[in-house]
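Take a look at the structure set out below.
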Amino acid sequence: MDTIFALATAPGKAGVAVIRVSGPSAFDAGERLAGAVPTPRYASLRRLRDASGATLDDALVLCFEKGHSFTGERVVEFQIHGSQAIIGALLRELGQIDGLRMAEPGEFTRRALENGRLDLTQVEGLADLIEAETEAQRKQAQTLLEGAIGEKAEIWRTHLIRAAALLEAVIDFADEEVPEDVSDEVLLLIDRTREAVETQLRGIDAAERVRQGFEVAIVGAPNVGKSTLLNALAGREAAITSEYAGTTRDVIEVRMDLGGLPVTVLDTAGLRDTDDHVEGIGIARARDRAQRADLRVFLIDGDSPDMEPLPGDIVIQAKADLRGDGVSGKTGQGVGALVRQITDCLLSQASQAGLASRERHRLALAQAVDGLGLAESHVRIGEDRYDLAAEELRNVVRSLESLVGRIDVENLLDEIFASFCLGK
């Protein structure tokens, strides 16, 4: 493989910057720049020099031997002063060394996958960890990065290989007397695995919301105080407010962190019948976004809402500054209690989250559940269908192996790694 290098820290001025080199020539590059490299996994201060012998910087140099680095290859890291001039000079010097080239986006992580240091779900967890904005997202991503899905998939795989082996033993000795009936153990292994996979499948929607964020729509009639409430929640003038009905024509979004969950609060157009074409478009968008939101907060001012609340939605009296109860974005009355109520509702939804959180995971797990159902039906029919049951179990194993990236995922890799930065 080529030896690759890139800036591993964020671009721009900083106290320290890290440049990472990975591949078979990494130590050679380190020796060329630093004169000598420290013992692997021990850091040492070195003076870096260019090809002419001029000083580039004094850097902390850290080496990892093959099999002990993030990528699984020989790695050298230069921890230099975070000057853009120093960073540029060192990158140019590395680019002039034979056999070295600039890394492509995500190439360090891709090599970690190819060298068995990470499975595909761990790669996705790393991508999520880099993008995490809230505590719930961090915890979810860290669990994936630690290999939680891979561990479960390996347990499921082991059970199904055992079940298939029992069936194939009966097939191989069809002309001889098999000492015991294997169907009970096979059915038990299938049932336990299917129950575990279905549990993860049921938790995907909630896990996906934790990863991407929940949406909460503020819904109500015109001039009921929706935009004023949004501004109170945001702590700034995010939406225009006025005494004239129909001021809000489009959906206004404010991103928040509620109880560690990423939440986008939506201020929608007031729901009413109108002859105004533009306002009508805004109302149609409001209904659509509100229906697709994870939670709706209905502000009412005496009349019933023009849209039917769903189970779990919050219905609350508006303009508490005039009526005495409910919530008022103008004075802040009841806003704290409303935030706690919203947070509790979303935390309840998030508690249903499983480990799997992507559409790719959903497809692989759904295929596994379908295959397990077919395998069970074949086993229950009798020994004449054991060969079909064993084949279905092998298909399920392949679905689980694709989940962690062992097979049939090459077409996904470019898309996944394109989201990574150059130094990752």
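Reducing the stretch 24-38 and the stretch 341-375 to their Cα centroids gives an inter-centroid distance of 47 Å. Put in order of Cβ neighbour count within 10 Å, fewest first, the listed residues I97, I218 become I97, I218. With the Cα gyration tensor of the stretch 87-198 giving a ≥ b ≥ c as the square roots of its eigenvalues, does the rule (a/c under 1.5 for rounded; else a/b larger than b/c for prolate; else oblate) give rounded, prolate or oblate? It comes out oblate by the Cα gyration axes. Normalising the average separation of contacting C-alpha pairs (under 8 angstrom, six or more residues apart) by the number of residues puts the relative contact order of the chain at 17 percent. Per residue, the convex hull spanned by the Cα atoms of the chain measures out at 210 cubic angstrom. Counted by neighbouring Cβ atoms within 10 Å, the residues M256, M1 run from fewest to most as M1, M256.
The residue among T134, P24, L48 whose Cα reaches farthest toward the positive pole of the charge dipole of the chain, with charges on the beta-carbon of Lys, Arg, Asp and Glu, is L48. Using the rule -39500 (n - 2.57) for each DSSP H run of four or more residues, divided by the residues of the chain, the 222 nm mean residue ellipticity is -15000 deg cm²/dmol.
Using a cut-off of 17 Å between alpha-carbon atoms, which lysines can reach K319, once sequence neighbours fewer than 8 places away in the same chain are excluded? Answer for K319, where 17 Å is the Cα cut-off: K226, K330, listed by chain and number.
Could you check the simple spin-label distance between L60 and V315, using points 7 Å along Cα→Cβ, in nm with one decimal? Here the modelled spin labels are 6.0 nm apart. Each of F78, F214 was scored by other Cβ atoms within 10 Å of its Cβ. Arranged with the fewest first, they read F214, F78. With point charges of +1 on the Cβ of Lys and Arg and -1 on the Cβ of Asp and Glu, referenced to the Cα centre of the chain, which listed residue (I381, P105, T143) lies farthest in the positive direction of the dipole? Of I381, P105, T143, it is P105. DSSP assigns beta bridges within the chain; of those with both partners inside it, close to 65 percent run antiparallel.
Bear in mind that the values in this text are calculations on the coordinates, not laboratory data. Treat the numbers as computed from the prediction; the structure is a model and nothing was measured. Please note: Cβ atoms are built from the backbone with ideal geometry, for glycine as well, and neighbour counts cover all protein chains shown.
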